[in-house]
Ligand SMILES: NC(=O)c1ccc[n+]([C@@H]2O[C@H](COP(=O)([O-])OP(=O)(O)OC[C@H]3O[C@@H](n4cnc5c(N)ncnc54)[C@H](O)[C@@H]3O)[C@@H](O)[C@H]2O)c1
Ligand SMILES: O=P(O)(O)OC[C@H](O)CO
């Protein structure tokens, strides 16, 4: 049994905390509000983020960060990218006061705006080394809505520290949830962020009425684009063929449980982006990641035509069919 604090009571933080609690770990879930913690402790539900799901009786929630983190061996951050720095900085204050060192993991899929930093780079900067023994990421094809129903799921746990990755593997492994370890944190973080851009495109194709040929073409060429950027930044090529790469691209680009796919589908059906974001009620990471990756690719002269197309749709209000036509009429080329 491991003592673990999960920071973030949204859909994924709650689902992961629930897996760990069902595995008889000592889990504290840090929520933003006391009302949410009371609901989880009293009713064993989190209706806003996981409607109709029954959470483990053993899962304890608190809105008190110091209490959540107290004596934890592992801290897992599962908040949207845009608040990672803020939450990590609050965590650093608490670890400092408690003079406490933890394995620091996250399950957040995005890149910081303006700096284009990965999540672990932000954690590295915000949480001094004396308070963290290692950094890890839980990634892979895993929608909270399926995990909470005990649908079969395999995830990846990436870390340079094999022992830390194996510790996380043990915390979460059970008959319906199977974690694999890997040692490519950089590649896993990039793949996790990039697949959301392609998933928006895949949903948009479905919303426009295109079929499986179109989706397969987009996902395959999207993977090629993800891999090219990843390799340029030092990722391992195999990561893009693993759970954090193609695995997550398949689920996010095909499943109606994906927020990114659903946002794309609604764009394809003619809805406006602001309206989609307002109504989703949960983070659609691919929207801001598209902007970060588009800018980063431009600055570094990396060709990313699909990302550029999604950027034109999201940020320049260009008609979807025009963008598709441009992609289909690019100069003919070899696949390799
Ligand atoms: N939902 C999934 O199935 C899933 C699966 C894998 C990875 N992820 C990733 O996990 C991350 C979180 O996604 P989610 O779906 O759980 O998001 P969500 O929108 O469901 O929940 C976000 C949570 O963060 C909390 N939060 C927001 N601002 C905060 C702040 N300043 N301080 C403390 N808490 C704050 C909210 O209260 C909420 O509980 C994202 O990067 C997402 O890509 C999600
Ligand atoms: O619902 P999405 O689109 O944020 O995707 C969630 C996960 O990343 C799927 O693995």
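The table below gives the values:
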quantity	calculated
The stretch 3-183 pair-distance distribution - Cα-Cα, 10 Å bins, rounded %	10, 41, 38, 10, 0
Calculated [θ] (222 nm, deg cm²/dmol) that DSSP helices of n ≥ 4 give over the chain, each run adding -39,500 (n - 2.57)	-15500 deg cm²/dmol
Compactness of the chain, expressed as Rg and Dmax over alpha-carbon positions, Å	19.5, 61
Quotient of C-alpha Rg and 2.2 N^0.38 Å, computed over the stretch 193-328	0.96
Cα gyration tensor shape for the stretch 146-266, rounded if a/c is under 1.5, else prolate or oblate	oblate
Helix axis angle, 212-232 relative to the chain longest principal axis, alpha carbon, degrees	70 degrees
In degrees, nearest ten, helix 185-208 long axis to first principal axis of the chain (Cα)	50 degrees
FRET efficiency, residue 70 to residue 273 (Cβ-Cβ, R0 35 Å, nearest 0.05)	0.25
Centroid-to-centroid separation of the stretch 206-225 and the stretch 256-310 [C-alpha atoms, Å]	15 Å
Principal axis box of the stretch 52-125, alpha-carbon based, largest edge first, Å	41, 38, 18
Value in Å of the Kirkwood radius, where the stretch 222-302 supplies the Cα pairs that are averaged	14.1 Å
Cα-based Rg of the stretch 141-192 normalised by 2.2 N^0.38 Å, two decimals	1.16
Top of 137, 122, 233 by mean-square fluctuation, Gaussian network on the chain, Cα under 10 Å	233
Globularity index of the stretch 183-249, i.e. its alpha-carbon radius of gyration over 2.2 N^0.38 Å	1.11
Between helix 305-315 and the chain: long-axis angle, C-alpha atoms, 0 to 90°, nearest 10	80 degrees
Computed P(r) (all Cα pairs; the stretch 1-108; 10 Å bins; percent)	16, 53, 28, 2
Full-stretch length increase - residue 303, residue 183 - with 0.36 nm per residue and alpha-carbon distance subtracted	40.5 nm
Part-to-part distance (alpha-carbon centres) for the stretch 157-202 and the stretch 49-73, which is given in Å	22 Å
Least to most buried among 288, 329, 89, 202 (fewest other Cβ within 10 Å first)	329, 89, 288, 202
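Every read-out reported here was derived from the displayed coordinates using simple, explicitly stated rules and does not represent laboratory data. Bear in mind that the values here come from a model prediction, so they are computed numbers and not experimental data. Cβ coordinates were reconstructed from backbone atoms using ideal geometry, including for glycine residues, and neighbour counts include every protein chain displayed.
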